[in-house]
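In what follows, a single structure is set out as structure tokens and then discussed.
The values are calculated or read from the model by the stated rules, or taken from the named source; none is laboratory data. Since we're looking at a predicted model, the values are computed, not measured. We place every Cβ from the backbone using ideal geometry, glycine too, and count neighbours over all the protein chains shown.
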């Protein structure tokens, strides 16, 4: 498994629109065979900050995800909503490790 945390800081006036667009993307993303899990979490003490927790089955699946129409629609829709560029951090699954990595 490859776990990616995408950190997003949204302009305050776009919080609800970002949530809606991101939930639509998440609902479609979990239908992809290469995505094991796709969580959208929002910071409690600062609702303009989100983390997308994307769990991919193989290292090739993030690239496949970025080729989908729903991802491209999300990317284009939320681009102007961001207070700063989003950034991601990649993690390897340590436990449980069903994929045999690590």
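Could you tell me whether segment 78-98 includes any residue that is surrounded by 15 or more Cβ atoms within 10 Å (Cβ to Cβ), at pLDDT below 95 and in a loop (DSSP other than H, G, I, E, B)? Looking for residues that are surrounded by 15 or more Cβ atoms within 10 Å (Cβ to Cβ), at pLDDT below 95 and in a loop (DSSP other than H, G, I, E, B), one finds at least one in segment 78-98, hence yes. On inspection, residue 54 fails the criterion of being loosely packed, with under 13 Cβ neighbours inside 10 Å, in contact with a strand residue (DSSP E or B) (Cβ under 9 Å, 6 or more places away or on another chain) and touching a residue at least 24 places away in the same chain (Cβ under 8 Å).
Whenever a residue of segment 63-87 is without any contact (Cβ under 8 Å) to a residue 40 or more places away in the chain and at negative phi, its partners that are in a helix (DSSP H, G or I) and surrounded by 10 or more Cβ atoms within 10 Å (Cβ to Cβ), lying with C-beta atoms within less than 6 angstrom and at least six residues away or across chains, give the pairs 65/71.
Can you tell me which residue in segment 1-19 is farthest from the chain's Cα centre (by Cα), limited to those that are over 19 Å from residue 82 (Cα atoms) and not in a loop (DSSP other than H, G, I, E, B)? Among those that are over 19 Å from residue 82 (Cα atoms) and not in a loop (DSSP other than H, G, I, E, B), it is 2.
The number of residues in segment 29-51 being outside any strand (DSSP E or B), touching a strand residue (DSSP E or B) at 6+ places or on another chain (Cβ under 9 Å) and in contact (Cβ under 8 Å) with a residue 24 or more places away in the chain comes to 5.
Just checking, does segment 20-39 include any residue being more than 19 Å from residue 2 (Cα to Cα), surrounded by fewer than 17 Cβ atoms within 10 Å (Cβ to Cβ) and over 12 Å from the mean Cα position of the chain (by Cα)? Taking every residue of segment 20-39 in turn, at least one turns out to be more than 19 Å from residue 2 (Cα to Cα), surrounded by fewer than 17 Cβ atoms within 10 Å (Cβ to Cβ) and over 12 Å from the mean Cα position of the chain (by Cα).
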